[in-house]
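Quick notes on the structure that follows.
The values are calculated or read from the model by the stated rules, or taken from the named source; none is laboratory data. Because the structure is predicted, anything quoted here is derived from the model rather than measured. Neighbour counts run over all protein chains shown; Cβ positions are idealised from the backbone, glycine included.
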Amino acid sequence: MSDADKPARVRVTAPRSKATVAPARFPVAREVAEHSAVGDVFVRSLMRAQLRLALVVAGGFVLVLLSVPLLLAVFPVLADLSVLTIPVSWLILGALIYPFMCLCAWLFIRNAGRNESRYRDLVDGR
Amino acid sequence: MNPWVGFAAVAAVSVMTVVISVFGLRISRTTGDFYVASRTVRPWWNASAIGGEYLSAASFLGVAGLVLVSGVDGLWFPIGYTAGYLMLLLFVAAPMRRSGAYTVPDFAEARLASRPARGATSVLVIVVSWLYIVPQLHGASLTLRIATGLPSWVGAAVVTLVVCISVVAGGMRSITFAQAFQFWLKLTAIAVPVVFALLVLGNTGQPITAGGSVFEQAMNTAEDPSTYRNVSLTFSLLLGTLGLPHVLVRFYTNPDGGSARRTTLIVLALLGLFYLFPTIYGVLGRLYVPQLAASGASDATVLLLPGALVDGAAGTLLSALVIAGAFAAFLSTTSGLLVSSAGVISQDVFDGGVLGFRTGALVSAVIPFALALMTESLGLAGSVGLVFAFTASTIAPLLLLGIWWRGLTDAGAVAGMAAGGTLCGAAVLSAAVLDLPAGPAAELLAQPAAWTVPVAFSVMIIVSRLTPRRKPAAVSAILVRLHMPERSGRSGRSGRSDRSTSSRRNGG
């Protein structure tokens, strides 16, 4: 491929930022894949997979969060449960919810990484 | 309380902050160093710095005050503050880092290829930073007044001055070190006194939970919030975190998208650990300093509890420690906000150089200081919550739609931000001015996020659909850049996201 038949290259960094621009260090196959119709399909499917994953994790978290006051309202007996005089509602909302958040985050990071390496394998043709 | 203890604590934290920034100045040389620490900050450092910056007056003082007056309902605030980071991780962290922009307006301009959209975003970022600095200064006033008996304006003035010196001297790199240091200072300052107090109570056989009665609703002094209020508040905290400019700017200091995600996970763990302690203060406060709720000084719970529980020299030392921690909270959040606001002012008003950054920092310090002197604190957690509602109705929809939806246009983005910002601002102001009797109307105005956020999203989508020709030609290339993983998982120090991309016809 000679220089003449390449389209003119235009930078899409924020023009007013002072970001340093490093030269691309990517295999040609990858470069081509990113800018062809096939590459576009790959990127769209990556985006869809990441968005679906994010929505599932966010939805799961919010569902669990909302279920705490809901369960307490439906089953008032639960409000009387306590550990070392601390009611379960305090225990969950004040402490246990945080490790649960970290668990959600960890699951997301693991799966988002998997989506990305699947994409990388597709593009690099392995 | 002996005023000299307060003086010593405040002076020690202020001097340490300035020393760290000046030390940092020696290792920050280029403009890149100055703005985003040249993107070489490692996840643990960065996570500590994010935690240090994020834990503001509302977290350090406000959460305990809320638990003191409203019991278990007060716990929704720290949950929202922390879960906001989960949302940030899920929807924004890695793409934001890969966008390669320094600030939110940079992102708006790169994504929408539009100067007007950049301008609108810049104005919002500056407004949000200034509004968020004001409660920090109120917290400083409260702390210094309680600790030393000095008039209120002194606390605000000290914070403004120290932050100005450290930001103007060091820029972002030194701020990263200072913030990371301040997270651990804050954690120590809030954890040690309460653990000590618990040990003392346990040893002397004094009640800790009074057989569980401290948890009862009958101990609440605030009226029970409605379900609408809790839902709207949690909603605004979840989405509002996405739009906080000082939080976003931190993500640009990660080397790549993957480390931006790992950083966020560490932040979640650090915040979860931190929020255990203000909750314990609030619970103990319900038993030992209930008079604070009656006198409307519930925000002072953290400051006064150690002295009330532990006598003598130990009590004095512990009080000094919490005062130092509270001051660290004001200093770190304020300097983070100052950095982001100064960065925007520098790039949009001046030529983007270091001199413009310093001028911007001075301007953004003086104006909130004036605002803080003119206004009265309404409860720290509440006023910070309103800033979250504002960012959730403006910057959050821009980021979410900009990252995940091809169809967003500059006209749509500006219209949506204008609609969300105007409605949210008007609702909060009219709630304050009209002073409606408690009821649905007052609730809708006082906690507007539940309806202003959907309105902002809808306006953005509808106007974008009406102006499809304004979609940037290179939208596909831009989205490739946001979502493409760096070449290999852990490396990526070389600017993958900074590389240039070929332009081509818009495919969708």
What is the number of the single condition among (1) at pLDDT 75 or above; (2) more than 7 Å from chain A (Cβ to nearest Cβ); (3) within 27 Å of B:Gly243 (Cβ to Cβ) that B:Arg469 does not meet?
(3)
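Residue-by-condition table, conditions (1) of a type in the set (Phe, Trp, Tyr); (2) farther than 26 Å from B:Trp4 by Cβ; (3) part of a helix (DSSP H, G or I):
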| site | (1), (2), (3) |
| --- | --- |
| B:Thr316 | no, no, yes |
| B:Phe330 | yes, no, yes |
| B:Thr334 | no, no, yes |
| B:Val339 | no, yes, yes |
| B:Gly343 | no, yes, yes |
| B:Gln347 | no, yes, yes |
| B:Arg358 | no, yes, yes |
| B:Val366 | no, yes, yes |
Among A:Leu55, A:Leu65, which is the only one that is facing chain B (nearest Cβ under 9 Å) and touching a residue at least 24 places away in the same chain (Cβ under 8 Å)?
A:Leu65
Report yes if B:Phe388 is over 24 Å from B:Leu233 (Cα atoms), buried (at least 18 other Cβ atoms within 10 Å of the Cβ) and of a type in the set (Phe, Trp, Tyr), otherwise no.
no
Looking at the structure I just gave you, is A:Val88 within 25 Å of B:Val92 (Cα to Cα) and more than 9 Å from chain B (Cβ to nearest Cβ)?
no
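Each row is one residue, and each column tells you yes or no for (1) under 23 Å from B:Val158 (Cα atoms); (2) more than 16 Å from the chain's Cα centre (by Cα); (3) at pLDDT 85 or above.
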residue	(1), (2), (3)
B:Val354	no, yes, no
B:Gly360	yes, yes, no
B:Leu378	yes, yes, no
B:Ser383	yes, no, no
If you scan segment B:61-112, which residues turn out to be facing chain A (nearest Cβ under 8 Å) and small (Gly, Ala, Ser)?
B:Ala83, B:Ala94, B:Gly100, B:Ala101, B:Ala110
Note on B:Ser236: of the conditions (1) within 18 Å of B:Gln136 (Cβ to Cβ); (2) modelled with pLDDT of 70 or more, unmet is (1)
Residue set B:Arg173, B:Arg261; condition at pLDDT below 80 and surrounded by 18 or more Cβ atoms within 10 Å (Cβ to Cβ); output residue B:Arg173
Can you tell me which condition B:Pro454 does not meet? The list is (1) loosely packed, with under 15 Cβ neighbours inside 10 Å; (2) within 24 Å of B:Pro245 (Cβ to Cβ); (3) modelled with pLDDT under 90, and all the others hold.
(3)
Confirm whether A:Asn111 is more than 10 Å from chain B (Cβ to nearest Cβ), surrounded by 14 or more Cβ atoms within 10 Å (Cβ to Cβ) and assigned to a helix (DSSP H, G or I).
yes
Would you mind telling me which numbered condition in (1) touching a helix residue (DSSP H, G or I) at 6+ places or on another chain (Cβ under 6 Å); (2) within 18 Å of B:Pro245 (Cβ to Cβ); (3) touching a residue at least 40 places away in the same chain (Cβ under 8 Å) B:Leu321 fails?
(2)
With criteria (1) at pLDDT 80 or above; (2) out of contact with any Cys (no Cβ under 8 Å at 6 or more places or on another chain); (3) within 14 Å of another protein chain (Cβ to nearest Cβ); (4) farther than 20 Å from B:Trp184 by Cβ, B:Ser38 comes up short on (1)
